[in-house]
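Trainee: Can you read through this structure? Questions will come right after.
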Amino acid sequence: MARSKTCLLALAVVLALQGAIAQRASDILGNLPPTGDSLTLAHYFPEHSAKQIPAGDVISVVVSGRNTGSKALNLSAIVGSINSPQNYEMFIQNFTIARYFAPLAPGAEASVEYKFRADPILGSTPPREWTLALHALYEVDGAYFANTFFNATVDIAEAPRLVDPDLIWLAVTMIALIAGAAYLAYTLLADKLGLNKGKAKKAKRVDGPVALDEDEWIKGTHYDVAKRRRAAAKRA
Ligand SMILES: *[C@@H]1O[C@H](CO)[C@@H](O)[C@H](O)[C@H]1NC(C)=O
Ligand SMILES: *[C@@H]1O[C@H](CO)[C@@H](O)[C@H](O)[C@H]1NC(C)=O
Ligand SMILES: *[C@@H]1O[C@H](CO)[C@@H](O)[C@H](O)[C@H]1NC(C)=O
């Protein structure tokens, strides 16, 4: 019973939070609440450098908020976008809102993790410059504030691939070249050694009976005539 009450309360909190902040990132991003002065933010990218971001990768940023004001506040959400470096008003990609419920008493500190992913179509080689903007939204007495903790130019690189297609192509070409050279070498060698069956048969083929008898071979030649004369002389 107590447990289901807690669940209901948690649900009510989530609903209240969702009702309080706009549902869609685009609604917030284009119309951010004013900057407040009671939340001091620090951030770091644990797995990536903030200077170069691989497109398509899930990028994690850890955001620490410290309530430097005199009133309790709620660190409510983080949202971000990729904008044109020439014109901030041009929103290239809006990241989804991550909602948190981090109540911070005056002087208290809390850390939340925000994950975003640059669209793979933004990745290029060489990396191209884009503006990355990240904002923390917080609530004090029902009023919302947005503090931008990151707004800088970043290089968005092509996502690293496990296997480079160029390398596969190179390997296939090399194997084909080696195989071709080996076949050519084998064919030439086989010809020289007479290993090639078809050609060997052709070379051995002789028309008619093979003359192995010396006499038959010399029949009708000048040598044959002389031989017969010598034989006749012996008999005489
Ligand atoms: C992103 O947000 C901006 C600012 O509100 C809006 O103009 C734009 O249409 C949004 N883009 C998308 C793709 O939702
Ligand atoms: C924090 O959020 C909860 C739930 O929405 C709300 O009851 C409370 O008043 C908020 N606190 C502040 C300081 O805004
Ligand atoms: C981010 O930086 C750009 C360029 O410096 C600026 O025009 C823009 O207003 C900034 N946006 C926010 C929300 O601070």
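Trainee: Report, by residue number, each residue of the stretch 85-126 that is under 23 Å from the mean Cα position of the chain (by Cα), in a loop (DSSP other than H, G, I, E, B) and surrounded by 15 or more Cβ atoms within 10 Å (Cβ to Cβ).
Mentor: Those that are under 23 Å from the mean Cα position of the chain (by Cα), in a loop (DSSP other than H, G, I, E, B) and surrounded by 15 or more Cβ atoms within 10 Å (Cβ to Cβ): 95, 118, 123.
Trainee: I need the full set of residues from the stretch 129-143 which are closer than 23 Å to residue 96 by Cβ and away from ligand 1 (no atom under 16 Å from the Cβ), in order please. Before you say what the answer is, go through the steps one by one.
Mentor: Pass one, the stretch 129-143, residues closer than 23 Å to residue 96 by Cβ: 130-139.
Of everything in the stretch 129-143, those that are closer than 23 Å to residue 96 by Cβ and away from ligand 1 (no atom under 16 Å from the Cβ) turn out to be 136, 138, 139.
Trainee: Within the stretch 74-93, can you find the residues that are within 16 Å of ligand 2 (Cβ to nearest atom) and small (Gly, Ala, Ser)?
Mentor: Answer for the stretch 74-93, where residues must be within 16 Å of ligand 2 (Cβ to nearest atom) and small (Gly, Ala, Ser): 76, 77.
Trainee: What are the residues in the stretch 25-69 that are of a type in the set (D, E, K, R) and touching a residue at least 40 places away in the same chain (Cβ under 8 Å), if any? Working first, answer last.
Mentor: At the first step, the residues of the stretch 25-69 found to be of a type in the set (D, E, K, R) are 27, 37, 47, 51, 57, 66.
If the condition is that a residue be of a type in the set (D, E, K, R) and touching a residue at least 40 places away in the same chain (Cβ under 8 Å), then 51, 57, 66 are the ones that fit.
Trainee: Residue check: is residue 39 within 16 Å of ligand 2 (Cβ to nearest atom) and assigned by TED's automatic domain parsing to the domain that holds residue 125?
Mentor: Yes: the conditions hold for residue 39.
Trainee: Out of 48, 43, report the one residue that is of a type outside the set (Ser, Thr, Tyr) and part of a strand (DSSP E or B).
Mentor: Working: 48 fails: part of a strand (DSSP E or B).
Step by step, each of 48, 43 is checked, and only 43 is of a type outside the set (Ser, Thr, Tyr) and part of a strand (DSSP E or B).
Trainee: Is there a residue being in a strand (DSSP E or B), touching a Phe, Trp or Tyr at 6+ places or on another chain (Cβ under 9 Å) and surrounded by 14 or more Cβ atoms within 10 Å (Cβ to Cβ) anywhere in the stretch 30-37?
Mentor: As a first pass, look at the stretch 30-37 and keep what is in a strand (DSSP E or B): none.
No, the stretch 30-37 has no match at all.
Trainee: On the basis of being at pLDDT 95 or above and farther than 22 Å from residue 156 by Cα, does residue 64 make the cut? Step through it out loud before you land on a result.
Mentor: Working: at pLDDT 95 or above: yes; farther than 22 Å from residue 156 by Cα: yes.
Considered against the rule, which asks whether it is at pLDDT 95 or above and farther than 22 Å from residue 156 by Cα, residue 64 comes out as yes.
The values are calculated or read from the model by the stated rules, or taken from the named source; none is laboratory data. The model shown is predicted, which means the values in this text are computed figures rather than measured ones. No Cβ is skipped: glycine too gets one built from the backbone with ideal geometry, and neighbour counts run over all protein chains shown.
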